[in-house]
Structures are given as structure tokens and as C-alpha cells.
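The values are calculated or read from the model by the stated rules, or taken from the named source; none is laboratory data. Fair warning: this is a prediction, and the values are worked out from it, not measured in the lab. Virtual Cβ from ideal backbone geometry, glycine too; neighbours counted across all protein chains shown. Each accessible area value is taken on the protein alone, full model and side chains, heavy atoms only, with ligands, DNA and RNA left out. Shrake-Rupley method; radii C 1.70, N 1.55, O 1.52, S 1.80 Å.
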Amino acid sequence: MSNTVIVGTQWGDEGKGHVIDLLARQASAVVRYQGGDNAGHTVIVEGEKFVFHLVPSGILYPDKKCIVGNGVVVDPESLLGELVSLKNRGISLTNFFLSNHAHVVMPYHKKAEEIEESLRGKSRIGTTKKGIGPAYVDKMGRRGIRIADLLEKNILEEKLKFNLTFWTKFCEVNYSISSVLSQYLEYGSKLKPYITDTSLLIYELAKRGENILFEGAQGTLLDVDHGTYPYVTSSSSGAGGVCIGTGIGPGKIDRVLGVAKAYTTRVGAGPFPTESFGETGNILRERGKEYGATTGRPRRCGWFDGVILKYAVRINGLNELIITKLDVLDKLEKIRICVAYRYKNKIIYDFPADLGILTECQPIYEEMEGWRTDTSSLRIFSDLPRAARKYLQRIEEIGEISICLFSVGPQREEMISMNQIPDSLT
Ligand code: GDP
Ligand code: IMO
Ligand code: MG
């Protein structure tokens with residue numbers, strides 16, 4: 001395969017977990033490079049459903065190394081809960097590794113986020129309330145607590161004292177040092193078997209020519225630099241985040257694959273030009289089961305946005321595209337695809353950098369025939385109804401990118417190669 005990045009091209013929840021689960025078969029390692037347990041990546045294998053928040057989506061393969069890189073922010077309680085639940089389901093954790101340099105989400109981060117969201121009032125971001133933003137704020141503020149610190153009582157105590165003094169000054173947080181200290185030392189001792197220098201581990205794998213998959217969380221439009229700021233997450237969720245968040249050098253990345261739903265969804269606040277408030281939005285939400293894998297919130301839904309696709313191709317340097325959830329469109333008579341925006345009396349083809357402009361953009365749609373056929377049992381591109389093939393080909397034209405895989409259901413075998421005959425026939 002090669003060293004491949006899997007990145008969301010929209011506002012998250014594109015089906016990255018589904019893609020990773022399939023591609024991990026050919027990889028030696030799956031590495032998370034940013035975000036935290038705000039992510040919810042669903043994998044369904046033989047009818048059994050797993051939702052991964054911090055653990056990489058390759059963990060169902062016992063021989064694949066699953067690595068949480070330095071760029072991830074880790075809530076130890078949440079990670080330990082996830083590990084215990086996987087263990088109870090018979091999943092081996094012997095190949096799970098946690099970076100000593102990953103930053104720790106602390107209780108005051110969650111509290112600070114709650115206070116900030118309520119202060120924002122109507123302009124709140126609609127975060128996942130996992131303390132992700134404030135944890136990254138501490139990282140950049142050079143006072144963050146890292147996973148390795150959980151193993152050193154004196155260092156943890158000193159850092160904790162400073163952090164609690166700091167946060168108490170700015171926020172109404174009130175924690176006892178001794179109870180947080182003992183709680184986090186206990187987390188440290190439980191996580192100790194997994195903690196290592198993951199940058200070195202990844203380097204050794206790459207040096208041996210092993211295939212590594214980098215698993216993006218969130219999506220391009222939630223990237224703190226390139227997304228719809230301030231309605232974004234606090235990390236570099238685009239492909240650019242991989243090197244920073246794992247310690248691998250840019251020259252070692254071979255391929256970047258983007259994942260897009262056959263339509264668009266968003267959770268939380270912020271502009272969404274193709275959002276449908278009417279019947280279409282409801283149909284997509286119900287047929288696509290568009291409820292958050294982490295928070296259970298209903299996702300906002302709308303048509304596929306080609307302007308966003310072109311932007312994601314540009315920002316991530318995508319080599320190829322993967323389209324998920326094509327089956328969700330099966331029953332629609334007409335399908336729309338946004339090819340440009342109208343802003344005042346101008347037509348815009350490039351995603352606007354200015355949020356004020358984006359907010360006022362109206363989508364310009366092309367209307368295509370629906371296929372009104374159940375695609376979920378089909379396994380070869382050429383077997384798809386003509387209208388479905390045309391839809392995928394139109395996406396390729398608009399994005400100026402080839403689709404390598406598409407899916408017609410959430411299970412492993414429902415992810416189909418665009419050009420090849422299925423495995424079962426080879
Ligand atoms: P992620 O965060 O990008 O991994 O995506 P989520 O897991 O949050 O959301 C994707 C949802 O769509 C999950 O419930 C998947 O099981 C489901 N899913 C993935 N691919 C398909 C597909 O092709 N068809 C259908 N109907 N569901 C899919
Ligand atoms: P996966 O990896 C969809 C959204 C939140 C909110 C914004 C900021 O499953 O695709 P945060 O808690 O990160 O500070 O919230 O980002 N968000 C996601 N939306 N999928 C995700 O992850 C998300 N992670 C965060 O809803 O709008
Ligand atoms: Mg998700």
C-alpha cells in the first residue's frame with residue numbers, strides 16, 4: 001500500500017472509521033494524529049458495531065499496531081473506559097500504543113469549555129463538551145500536562161499546581177490539588193504499559209517499509225486553520241496535521257485519500273451553504289441515521305457540495321477520493337449537487353476564505369436524476385444503476401479527482417472498489 005493518510009473532506013462523520021477498517025487489512029499500523037474523544041468512528045463487522053473515540057479504528061485486527069500519536073489530546077478516563085470495553089468484547093490490546101507526548105485532558109478543561117460556551121450564548125460553537133479546545137489551549141500555552149507526566153508524581157504535582165492556579169484565576173474552577181493528583185497518578189499507572197515514544201515507533205515502521213495508515217479525526221472544514229473558523233475544532237484535522245501529530249517527516253507520506261459522504265452533514269453551529277431545512281434534510285437524516293456517534297445530536301443535513309470538495313482537494317493535496325453512503329440517496333427522485341455559490345451578484349467557484357461571505361453564499365445546483373433502486377446489495381461499479389454511476393462520475397469531474405472506493409452500506413463488504421472486481425471473485 002504505502003503510507004496513506006485518510007482525511008475527512010467535509011465537517012466530520014464522513015465514514016472514516018469504515019474506510020480505515022477496510023484499508024487496515026493491508027497496513028501494519030493505524031495512527032491517530034489529532035483530536036481526542038470528540039471523534040466517534042463507527043466500524044461494523046459481521047453485524048457487530050464498534051464506535052471508536054480515541055483508539056484507532058484498526059484495533060479489530062490483532063496484528064496491526066494501533067498508535068495514538070503525540071498530536072492527540074487524551075482524556076485518560078475516557079481512554080481507559082474504551083480500552084476496558086474493548087477488552088470485555090474480546091479485542092486484544094497488545095498492539096495498542098500511546099504517545100508519551102500526547103497531552104492530557106483535565107477536568108478543568110471540560111469545566112472551562114462549559115463556561116466559555118455559555119458565555120458565547122447565541123454564538124456558541126456547539127462543541128462536544130469533551131474539553132478538547134481548552135486542552136489544546138494549554139498545549140499551545142506551554143503549560144499542558146503530557147501523558148509522560150502522569151508517571152512522575154513530582155512533575156505532575158508541580159504542573160497541576162500551576163495549572164489550577166492559572167485556571168482558577170481566569171475561570172470559576174475549583175478543584176482540590178490532592179484529589180486530582182491522586183486520580184491522575186492512578187490513571188498513569190493504568191496506562192503505563194501502553195506509553196512509549198510513538199514517533200520512534202512510527203519511524204522504525206516506516207524505515208522497514210511497513211504500510212502505515214494515518215487516521216484523521218473530524219474533517220477539513222473543522223480544521224483550526226483551514227476550516228470555517230471559529231466554528232471548528234482546535235486541531236489540524238487536515239492532512240497537514242499528520243507530520244505535526246505523529247513526528248513523521250513529510251517526505252514519508254505517499255498518499256492522501258479524502259473521504260466524503262454522498263451528501264453533506266454537519267454537527268454544531270456554523271455556516272453550511274447546502275443545508276436543507278425541509279423534507280430533503282429529514283429524509284437524509286433518517287435514511288442516513290444521521291445522529292452523532294459521540295453526542296447523539298441530530299446532524300444537520302444537505303446536498304453534496306462540490307465547492308467544498310474542490311477546497312478539500314486543494315488543502316489536503318488529495319490523490320483520490322472515497323465516497324460513502326451512496327445508498328442513502330437510493331429513494332430520491334431528483335438529486336442535487338452544488339457546483340458553485342452565488343454571492344450578491346457574483347458566481348464563486350472557490351470556497352471563500354471569509355466566513356462573512358460564506359454565510360451569505362447561496363448554492364447553485366445542478367439537478368440529476370435519482371436512481372430509485374436499492375444499491376445496497378451491489379458489489380461492482382458497473383452493476384450500479386446508470387444514474388448512480390453518472391452521479392459518482394459528476395463528483396469526479398467537479399472535484400477533478402478520481403474516486404477509488406465507494407460504499408453502499410456500513411459493513412466492511414459494502415465498501416466497493418471503483419475499478420476492480422470484488423475480492424470474492426479474485
Ligand atoms: P466517521 O466519524 O467519519 O468515522 O463517521 P461516523 O462513524 O461518525 O459516521 C458515519 C456513519 O455512517 C456510521 O454510522 C457508519 O456506520 C455509517 N456508514 C458508513 N458508511 C456507510 C454507507 O456506505 N452506507 C450507510 N448507510 N451507512 C454508512
Ligand atoms: P469525527 O472524527 C463531526 C464538531 C463539534 C463542534 C466543533 C467543535 O467523528 O468525524 P470540539 O468538541 O471539537 O471542540 O467541537 O467540531 N466536531 C465534530 N463533528 N465529527 C467529529 O469527529 C467532530 N468532532 C468535533 O460538533 O461543531
Ligand atoms: Mg464521527
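What the table shows:
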| quantity | calculated |
| --- | --- |
| The stretch 241-254 - phi-based ³J(HN,Hα) in whole Hz, Karplus 6.51/-1.76/1.60, Gly and Pro as x | x, 4, 5, 5, x, 9, x, 7, x, x, x, 8, 8, 9 |
| Environment charge of residue 217, counting only residues whose C-beta is closer than 9 Å and scoring Lys/Arg +1, Asp/Glu -1 | +1 |
| Cα gyration tensor shape of the stretch 123-237, rounded if a/c is under 1.5, else prolate or oblate by comparing a/b with b/c | oblate |
| Alpha-carbon centroid distance for the pair the stretch 106-124 / the stretch 237-275, whole angstrom | 25 Å |
| With all protein chains modelled, accessible area of residue 254 [1.4 Å, Å²] | 90 Å² |
| Burial order of peptide ranges 309-317, 60-68 (average beta-carbon count within 10 Å, highest first) | 309-317, 60-68 |
| Nearest-ten-degree value, helix 107-120 long axis tilted from longest Cα axis of the chain | 50 degrees |
| Rel. contact order, % - alpha carbon contacts under 8 angstrom, at least six apart, the chain | 19 percent |
| Antiparallel DSSP beta bridges within the chain, percent to nearest 5 | 40 percent |
| Carbon/sulfur fraction of accessible area - the chain, other protein chains in place, 1.4 Å, % | 49 percent |
| Solvent-accessible ranking of 382, 234, 57, largest area first, probe 1.4 Å | 382, 234, 57 |
| Accessible area expressed per residue, the stretch 103-191, with surrounding protein chains retained (probe 1.4 Å, Å²) | 56 Å² |
| Cβ-defined net charge surrounding residue 164, 12 Å radius [Lys, Arg +1; Asp, Glu -1] | +2 |
| Protection-proxy order for peptides 368-377, 22-31, each taking the mean of Cβ atoms within 10 Å per residue, highest first | 22-31, 368-377 |
| Largest to smallest accessible area among 186, 172, 333 [probe 1.4 Å] | 172, 333, 186 |
| Integer Hz, Karplus 6.51/-1.76/1.60 couplings in order for the stretch 360-377, x for Gly and Pro | 9, 6, 10, x, 9, 9, 9, 9, 10, 5, x, 9, 6, 9, 6, 9, 5, 9 |
| By average C-beta atoms within 10 angstrom, highest first, the peptides 120-128, 106-114 | 106-114, 120-128 |
| Gyration tensor (alpha-carbon) shape descriptor, the stretch 260-425, a/c threshold 1.5 | prolate |
| Surrounding net charge for residue 306, when Lys and Arg each add one and Asp and Glu each subtract one, Cβ distance under 12 Å | -3 |
| Three-way shape call for the stretch 103-191 based on the alpha-carbon gyration tensor, with the a/c threshold at 1.5 | prolate |
| Between the stretch 305-365 and the stretch 60-99, the Cα center-to-center distance that results, in Å | 35 Å |
| Rounded to 5, percent antiparallel among DSSP beta bridges of the stretch 260-425 | 70 percent |
| Cα long-axis angle, helix 198-207 against the chain (0 to 90 degrees, to the nearest 10) | 50 degrees |
